[in-house]
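K.L.:
A single structure is presented below for examination.
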Amino acid sequence: MARLSAIIPAAGSGIRMGASVPKPFIKLGEYSILQHTLQALLKSEELCQLIVACQQEHISKVKQVFEAFDHSAVELLVVEGGKERQFSIYNALQFVSGDAELVAVHDAVRPFIQSEQIAKCCQLALKLGGAVLGVPAKDTIKQVGEGGAIVSTPDRSALWQAQTPQVFRKELLTEAYQKAINDNFVGTDDASLVERIGGKVGMVKGGRENLKITYPIDLEVAKLIMRQEDDVI
Ligand code: C5P
């Protein structure tokens with residue numbers, strides 16, 4: 001089984017949520033969103049290391065979260081994030097274990113990730129170099145230009161929404177990040193950095209419950225999903 005290091009970017013400010021603390025530290029039921037996400041990741045059999053990148057002022061809070069876990073088989077690290085998601089991940093990449101063959105990036109604010117989904121991404125990443133979890137686009141997507149004018153309507157049947165985890169062979173992701181930093185290129189996900197250096201990345205069909213908690217409505221949906229999970233015996 002491939003050895004996997006997971007990087008968890010958690011250094012966002014949470015402006016879109018309008019909360020007083022960054023999104024990963026908002027409570028969802030008994031625990032913080034971050035704690036739910038880490039608990040879900042720790043169920044993955046591939047995992048050998050987990051690196052959280054957060055703002056300096058939250059490092060001690062993350063260490064407290066770690067103390068609640070039985071983690072003898074997994075190395076837990078917390079590092080300082082950067083001013084963009086991409087820089088948070090770049091910082092964390094410097095600490096990836098020499099033992100890891102694959103690196104997953106998973107948003108701190110996606111607490112409903114399942115270990116079978118991680119396993120599928122790992123299998124495809126081993127084969128191709130990279131793999132991303134996603135779902136077919138459900139809305140028609142418009143490209144909008146200046147003044148709000150619609151420029152084009154890409155064929156929806158070929159469009160997918162990329163989620164995380166995004167899993168890559170370690171050397172491929174490291175090279176892609178180094179090249180992006182050198183070129184001053186900032187992407188909105190990890191796969192886009194790998195694609196631009198010619199790396200192959202496959203899509204793995206995930207589920208819509210793997211939502212990214214971004215807006216207040218997402219938090220309400222997350223509470224509903226949690227309640228449904230509680231109903232399952
Ligand atoms: O804000 P956005 O949706 O891009 O955030 C996705 C993830 O990236 C969140 O888990 C957030 O905490 C993280 N992030 C980060 N460093 C930043 C900005 C966002 O680690 N500077």
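The values are calculated or read from the model by the stated rules, or taken from the named source; none is laboratory data. If you're wondering where the values come from, they're calculated on a predicted model, not measured in any experiment. Positions of Cβ are generated from backbone atoms using ideal geometry, with glycine treated the same way; all protein chains shown enter the neighbour counts. Side chains are part of the model used for accessible areas, which takes the heavy atoms of the whole protein and leaves out ligands, DNA and RNA. Shrake-Rupley method; radii C 1.70, N 1.55, O 1.52, S 1.80 Å.
K.L.:
Please go through region 134-180 and give me each residue that is more than 20 Å from ARG3 (Cα to Cα), among the hydroxyl-bearing types (Ser, Thr, Tyr) and touching a residue at least 40 places away in the same chain (Cβ under 8 Å), ordered by number.
P.N.:
Hit for region 134-180 is TYR177, nothing else.
K.L.:
What's the total number of residues in region 45-91 that are within 16 Å of the ligand (Cβ to nearest atom), among the charged types (D, E, K, R) and open to solvent by 80 Å² or more (accessible area, probe 1.4 Å)? Give the steps one after another, and end with the answer.
P.N.:
Step one: filter region 45-91 for residues within 16 Å of the ligand (Cβ to nearest atom), giving 50-59, 61-62, 65, 77-91.
With among the charged types (D, E, K, R) added as a condition, the list becomes 57, 61, 80, 83-85.
Okay, now just the ones that are also open to solvent by 80 Å² or more (accessible area, probe 1.4 Å), so 57, 61, 80, 83-84.
The total comes to 5.
K.L.:
Within region 13-42, which residues are touching a helix residue (DSSP H, G or I) at 6+ places or on another chain (Cβ under 7 Å) and within 25 Å of LEU172 (Cα to Cα)?
P.N.:
Of everything in region 13-42, just one residue is touching a helix residue (DSSP H, G or I) at 6+ places or on another chain (Cβ under 7 Å) and within 25 Å of LEU172 (Cα to Cα), namely LEU38.
K.L.:
While we're looking at this one, here's another question. Cβ-Cβ below 6 Å, separation at least six or inter-chain, first residue in region 45-72 and under 14 Å from PRO24 (Cα atoms), second open to solvent by less than 100 Å² (accessible area, probe 1.4 Å) and hydroxyl-bearing (Ser, Thr, Tyr): which pairs?
P.N.:
ALA53/SER88
K.L.:
Further question: Taking region 1-40 on its own, how many of its residues are open to solvent by less than 30 Å² (accessible area, probe 1.4 Å) and more than 13 Å from the ligand (Cβ to nearest atom)?
P.N.:
Matching residues across region 1-40 total 6.
K.L.:
I'm told THR164 meets every condition in (1) more than 21 Å from LEU34 (Cα to Cα); (2) under 12 Å from the mean Cα position of the chain (by Cα) except one. Can you identify the failing condition by its number?
P.N.:
(1)
K.L.:
Next question, about the same structure. Right, ILE217: hydrophobic (A, V, I, L, M, F, W, C) and either open to solvent by 80 Å² or more (accessible area, probe 1.4 Å) or in contact (Cβ under 8 Å) with a residue 40 or more places away in the chain (or both) or not? Steps first, answer last, please.
P.N.:
Details: hydrophobic (A, V, I, L, M, F, W, C): yes; either open to solvent by 80 Å² or more (accessible area, probe 1.4 Å) or in contact (Cβ under 8 Å) with a residue 40 or more places away in the chain (or both): yes.
When the stated conditions are applied, ILE217 passes them.
K.L.:
To continue, here is another question. Quick test for you: out of LEU76, LEU34, pick the one residue that is in contact with a Phe, Trp or Tyr (Cβ under 7 Å, 6 or more places away or on another chain) and either more than 20 Å from THR214 (Cβ to Cβ) or modelled with pLDDT under 95 (or both). It would help to see each step written out before you state the result.
P.N.:
Working: LEU34 fails: either more than 20 Å from THR214 (Cβ to Cβ) or modelled with pLDDT under 95 (or both).
Being in contact with a Phe, Trp or Tyr (Cβ under 7 Å, 6 or more places away or on another chain) and either more than 20 Å from THR214 (Cβ to Cβ) or modelled with pLDDT under 95 (or both) holds for just one of LEU76, LEU34, which is LEU76.
K.L.:
Any idea which of SER97, SER88 is touching a residue at least 12 places away in the same chain (Cβ under 8 Å), of a type in the set (Ser, Thr, Tyr) and assigned to a loop (DSSP other than H, G, I, E, B)? Talk me through it step by step, then tell me what you get.
P.N.:
Numbers: SER88 fails: assigned to a loop (DSSP other than H, G, I, E, B).
Answer to the selection: SER97.
K.L.:
So which residues in region 100-112 are of a type outside the set (A, V, I, L, M) and either at pLDDT below 95 or within 16 Å of the ligand (Cβ to nearest atom) (or both), if there are any at all?
P.N.:
From region 100-112, those of a type outside the set (A, V, I, L, M) are 101, 106-107, 110-112; that's our starting set.
Residues satisfying the conditions are HIS106, ASP107, ARG110, PRO111, PHE112.
K.L.:
Same structure again: From (1) more than 16 Å from the ligand (Cβ to nearest atom); (2) in contact with a Ser or Thr (Cβ under 9 Å, 6 or more places away or on another chain), pick out the condition that doesn't hold for ASP190.
P.N.:
(1)
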